[in-house]
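Accompanying notes for the structure given below.
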Amino acid sequence: MAMWQGAMDNRGFQQGSFSSFQSSSSDEDLMDIPGTAMDFTMRDDVPPLDREIEGNKSYNGGGIGSSNRIMDFLEEPIPGVGTYDDFNTIDWVREKSRDRDRHREITNKSKESTWALIHSVSDAFSGWLLMLLIGLLSGSLAGLIDISAHWMTDLKEGICTKGFWFNQEHCCWKSDHVTFEERDKCPEWNSWSQLIINTEQGAFAYIVNYFMYVLWALLFAFLAVSLVKAFAPYACGSGIPEIKTILSGFIIRGYLGKWTLVIKTITLVLAVSSGLSLGKEGPLVHVACCCGNILCHCFNKYRKNEAKRREVLSAAAAAGVSVAFGAPIGGVLFSLEEVSYYFPLKTLWRSFFAALVAAFTLRSINPFGNSRLVLFYVEFHTPWHLFELVPFIVLGIFGGLWGALFIRTNIAWCRKRKTTQLGKYPVVEVLIVTAITAILAFPNEYTRMSTSELISELFNDCGLLDSSKLCDYENHFNTSKGAELPDRPAGAGVYSAMWQLALTLILKIVITIFTFGMKIPSGLFIPSMAVGAIAGRLLGVGMEQLAYYHHDWGIFNSWCSQGADCITPGLYAMVGAAACLGGVTRMTVSLVVIMFELTGGLEYIVPLMAAAMTSKWVADALGREGIYDAHIRLNGYPFLEAKEEFAHKTLAMDVMKPRRNDPLLTVLTQDSMTVEDVETIISETTYSGFPVVVSRESQRLVGFVLRRDLIISIENARKKQDGVVSTSIIYFTEHSPPMPPYTPPTLKLRNILDLSPFTVTDLTPMEIVVDIFRKLGLRQCLVTHNGRLLGIITKKDVLKHIAQMANQDPDSILFN
């Protein structure tokens with residue numbers, strides 16, 4: 001009779017011997033298996049498991065003394081039992097239970113000897129030591145990336161003759177020939193036209209500089225995409241959607257491995273230096289999580305437990321945001337609000353410590369030479385007025401509209417990339433987008449500069465010493481007020497800058513849609529902030545000029561007198577940056593904290609909160625998903641969103657498998673199946689686990705056993721124990737009945753049986769089932785009726801049902 005199983009489709013598992021699991025390196029994997037090596041590539045020519053061991057022909061039964069012997073070889077742990085296949089979900093309940101047992105054993109032993117007490121103290125301290133190492137490594141890599149990217153970005157425009165390793169700013173620091181108006185130009189810094197044709201003036205010199213700019217951009221982009229394609233395909237993108245999925249319990253082997261770390265660090269510098277519309281802040285979270293995963297291998301407590309490891313990765317994500325924005329508190333809140341699935345109080349403290357150490361390390365390196373952790377740190381001193389909440393809310397509306405537009409268009413483009421021939425040519429795509437970006441960017445000084453420098457320029461509050469075009473005001477004012485400058489009429493430079501910024505805004509909006517998602521490291525924080533900052537600066541300058549020329553209007557005359565400093569355009573740029581970033585990511589609390597940590601002042605929290613909430617409301621009205629959740633759904637990852645409510649009135653029996661008229665559920669019996677029977681079921685199915693029942697007639701549930709544990713245990717028994725053959729009976733019971741003489745030894749596998757699988761009745765509402773899956777992180781749940789097993793509901797079934805209820809394609813859920 002055909003058998004059917006509703007368990008998870010195990011894509012990564014091999015129907016082969018235990019020895020067929022191979023791996024190149026333990027620290028490439030999310031789970032290290034001591035004493036073994038594992039490979040999860042699919043092969044069609046792996047032989048089934050029903051062969052017998054060599055030497056079986058000479059087996060003579062072993063005499064009466066051995067006929068009743070049960071082979072309980074699980075008294076010592078078998079390498080590989082209790083671990084997980086690639087593209088599968090961990091069992092949170094089992095992992096937490098194992099950690100409690102480990103901790104209880106260490107605590108009990110600590111009372112027996114001094115050495116055991118020292119071991120107990122070191123085990124408790126190991127978590128803090130790991131956080132220290134993660135913070136140091138993350139901060140160091142972030143400093144290296146910042147310094148390298150700054151140098152290589154300037155390399156597109158010229159080179160320092162007194163030392164090629166100096167960027168333009170460092171090259172001119174000690175020069176005696178720097179003028180105030182052209183502080184970035186000095187004899188030591190030569191443009192490419194000066195080096196090649198020995199002149200910087202004229203059309204030909206401009207063409208040479210233009211050509212070299214595009215050439216360097218194409219070279220950097222080509223190196224980045226080639227390295228990613230050849231050595232670490234997982235190093236592309238921002239990494240945050242995958243990290244969210246991993247933190248929810250999913251296994252993606254190699255995603256946080258050492259090769260991914262090395263290649264992502266190198267290619268992130270190249271991608272940022274190429275001038276593409278992307279940032280390094282999102283990928284820095286991926287880099288920090290790679291550091292956390294690799295360092296976990298130094299501590300058995302985290303190396304052998306997937307749930308504990310995810311606590312470390314949550315803290316590493318906080319450290320990544322800390323060094324990306326110089327915002328340790330914002331990093332902790334980002335990890336809590338945006339990426340973490342399980343975030344206990346202990347993880348909150350350790351995340352704070354890791355973020356602190358990472359920020360301190362980056363501050364010690366001082367990559368920008370200004371004692372700040374980011375290039376666009378700024379301080380404002382002018383208070384804002386209540387009326388200004390209106391333009392701030394307008395910026396929030398713009399951010400929400402931009403966020404919703406970007407998500408829809410970017411997802412549509414990424415889907416086209418996945419489903420058409422475009423996805424087969426990642427190098428060509430990157431080079432085309434880079435060429436278009438570089439060609440359009442060079443003529444405009446605001447697109448030619450790096451995006452971080454652009455944001456810094458837009459955030460800047462104009463002072464007396466500023467020589468930027470954005471600060472080219474007509475300076476007929478009384479300086480008796482000191483450093484506080486009054487609102488002034490805009491000069492020719494400001495009007496010119498407004499046109500250039502408007503063109504920059506259009507380019508950034510369009511080109512970012514096609515850039516995010518390419519096969520290179522690409523963050524979205526900086527491009528989103530740039531779009532908002534440009535819009536904010538344009539609105540801020542407009543408000544400033546309106547207040548100057550019409551200070552007698554009713555909306556201004558009560559708080560803005562003539563000659564006063566009423567409007568701060570840089571503040572509008574900051575609020576716009578927060579609004580657009582919030583519209584794309586749907587961050588709220590962590591976004592506001594990150595932004596006020598950037599500005600160094602608490603006075604502007606209300607404008608930031610107003611803009612962030614407005615952008616979220618507007619964006620949510622047009623689409624519920626943020627960019628990271630949309631990419632998770634696009635890639636088919638099994639992520640069960642904890643923020644969404646399930647409001648449909650369906651029952652467990654409507655979702656469970658098998659359904660009516662389907663073949664029966666594949667089960668194992670507790671004491672009547674042979675090794676051959678079990679191996680036949682394994683070879684003929686691809687399910688990740690099997691319920692164990694008393695008998696096929698009663699269908700009374702005993703427990704649940706994972707396919708992987710079954711295969712490894714049987715293979716280990718065949719290799720290490722004499723007499724185990726295909727006719728040996730497998731027992732999942734505590735005791736076995738006496739066996740007649742000359743029968744093969746039985747195999748006792750009770751130790752790999754989960755005796756307390758989660759069960760619900762067939763009439764349980766699905767909203768309760770979904771809640772159980774979310775809060776307990778279950779892989780599967782068994783369905784019973786009056787104690788009899790009826791079916792099974794897996795996480796994949798839940799996700800498909802949710803998609804179906806939302807009128808989405810249920811087959812878009814690709815993994816377990």
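The values are calculated or read from the model by the stated rules, or taken from the named source; none is laboratory data. Keep in mind that what you see is a predicted model, and the values were worked out from it rather than measured. When we count neighbours, we look across all protein chains shown, and the Cβ atoms used for this are built from the backbone with ideal geometry, even at glycine. Note: accessible area is taken over every heavy atom of the protein model, side chains too, but ligands, DNA and RNA are not part of it. Shrake-Rupley method; radii C 1.70, N 1.55, O 1.52, S 1.80 Å.
Of the GluC sites (Glu not before Pro) found in region 678-727, those in coil by DSSP whose Cβ has at most 14 other Cβ atoms within 10 Å are Glu697. Take the Cβ atoms of Tyr425 and Ala621, set R0 to 35 Å, and the FRET efficiency comes out at 0.40.
Across all Cα atoms of region 558-676, the radius of gyration (one decimal) and Dmax (whole number) stand at 25.9, 94 Å. The solvent-accessible area of Lys162, taken with every protein chain present and a 1.4 Å probe, is close to 90 Å². The residues Trp349, Trp128, sorted by heavy-atom accessible surface at 1.4 Å with ligands and nucleic acids left out, run Trp349, Trp128 from largest to smallest. Placing a label point 7 Å from the Cα of Trp559 along the Cα-to-Cβ line, the residues of region 572-589 whose backbone N sits under 18 Å from it are 572-576. Mean projection of the Cα convex hull over all viewing directions, computed for the chain: 42.2 nm².
A simple packing score, the average count of other Cβ atoms within 10 Å per residue, orders the peptides 419-426, 521-528 as 521-528, 419-426, with the highest score first. On the principal axes of its alpha carbon atoms, region 516-616 extends 54, 25, 22 Å, with the longest extent given first. Ligands, DNA and RNA excluded, the heavy atoms of Val725 present near 10 Å² of accessible surface to a 1.4 Å solvent probe.
Taken one residue at a time, the phi angles of region 794-803 give Karplus couplings (6.51, -1.76, 1.60, θ = phi - 60°) of 9, 4, 5, 4, 5, 5, 5, 5, 4, 4 Hz. Gly and Pro are set to x. Summary of packing: across the peptides 276-288, 644-656, the per-residue average of other C-beta atoms within 10 Å ranks them, highest first, as 276-288, 644-656.
Considering only protein heavy atoms and a probe of 1.4 Å, how much of the accessible area of region 350-393 is carbon and sulfur, as a whole percent? Heavy-atom surface of region 350-393 belonging to carbon and sulfur, 1.4 Å probe: 67 percent. Treating each Cα of region 322-452 as one equal point scatterer and applying the Debye formula with no solvent, the log10 of I(q)/I(0) at q = 0.10, 0.11, 0.14, 0.21 Å⁻¹ comes out as -0.65, -0.79, -1.19, -1.14. Pairwise inverse Cα distances across region 102-254, averaged and inverted, put the Kirkwood hydrodynamic radius at 20.8 Å.
Normalised by the number of residues in the chain, the mean separation of alpha-carbon contacts (under 8 Å, six or more apart) gives a relative contact order of 19 percent. Across all directions, the average flat footprint of the convex hull enclosing the Cα atoms of region 212-253 is 3.5 nm².
Sparse packing (at most 11 other Cβ atoms within 10 Å of the Cβ) combined with a DSSP loop state is found for the following GluC sites (Glu not before Pro) in region 322-379: Glu379. Shown here are the Rg and Dmax of the Cα trace of region 263-341, at 13.6, 43 Å.
In the chain, taking the dipole from charged Cβ atoms about the Cα centre, the farthest positive-side position among Thr382, Leu227, Pro745 is held by Pro745. The solvent-accessible area of Phe343, taken with every protein chain present and a 1.4 Å probe, is close to 40 Å². Its Cα gyration tensor gives region 632-731 an equivalent ellipsoid, and the semi-axes of that ellipsoid, as √(5λ) in whole Å with the largest first, are 33, 19, 12.
Counting Lys and Arg as +1 and Asp and Glu as -1 over every other residue whose Cβ lies under 15 Å from the Cβ of Gly600, the net charge comes to -2.
I'd like the FRET efficiency for Tyr206 and Asn370, computed as 1/(1 + (r/R0)^6) with the beta carbon distance as r and R0 of 35 Å, rounded to 0.05. Here the calculated transfer efficiency is 0.65.
Taken over region 171-312, the ratio of Cα radius of gyration to 2.2 N^0.38 Å equals 1.49.
What does the net charge come to around Glu311 if you take all other residues with beta carbon closer than 12 Å to its beta carbon, with K and R at +1 and D and E at -1? Result for the local shell: +4.
Against the compact-protein benchmark of 2.2 N^0.38 Å, the Cα-based radius of gyration of region 609-683 scales to 1.96.
Of the residues Val694, Val725, Val705, the one whose Cα sits farthest towards the positive end of the charge dipole of region 682-748 is Val705 (charges of +1 on Lys and Arg Cβ, -1 on Asp and Glu Cβ, taken about the Cα centre). Amide H contacts of Gly791: Val783, each under 5 Å away and 5 or more positions distant or on a separate chain (H built 1.01 Å from N in the peptide plane; Pro and chain starts excluded). As a fraction of the 1.4 Å probe accessible area of region 535-644, surface on carbon and sulfur atoms comes out at 62 percent.
Summarising the amide proton neighbourhood of Lys748: residues at separation of 5 or more, or on other chains, whose placed amide H is nearer than 5 Å comprise Met71, Asp72, Phe73, Tyr731. By the beta carbon rule, with partners counted only under 4.7 Å, the chain holds these lone Cys residues: Cys236, Cys289, Cys290, Cys291, Cys296, Cys298, Cys414, Cys580, Cys781. Computed over every Cα-Cα pair of region 268-396 and binned at 10 Å starting from 0, the pair-distance distribution P(r) comes out as 12, 34, 29, 19, 4, 1 percent. Give the angle, between 0 and 90 degrees and rounded to the nearest 10, that separates the Cα long axis of helix 605-622 from the longest principal axis of the Cα atoms of the chain. That helix lies at roughly 60 degrees to the long axis. Helix 306-325 and the long axis of the chain differ in direction by around 10°, with both axes built from C-alpha atoms. Each peptide in 590-598, 631-639 receives the mean, over its residues, of other Cβ atoms within 10 Å, and ordering these scores from highest gives 590-598, 631-639.
Taking every alpha-carbon pair within region 207-278, the share separated by more than 18 Å comes to 46 percent.
For region 668-816, the percent of C-alpha pairs falling in each 10 Å distance bin, counted from 0 to the bin holding the largest distance, reads 10, 35, 31, 17, 7, 1, 0.
Of the two radii for region 373-426, the radius of gyration is 1.28 times the Kirkwood radius, both from the alpha carbons; that is the Rg over Rh value. Calculated mean residue ellipticity, 222 nm, the chain: -16500 deg cm²/dmol, from DSSP H runs (n ≥ 4) at -39500 (n - 2.57) each, averaged per residue and rounded to 500. Would you mind getting me the FRET efficiency between Phe231 and Asp662? Use the beta-carbon distance for r and R0 = 56 Å, nearest 0.05. Plugging the Cβ-Cβ distance into 1/(1 + (r/R0)^6) gives 0.80.
When the inverse distances between all different Cα atoms of region 711-761 are averaged and flipped, the Kirkwood radius reads 12.6 angstrom.
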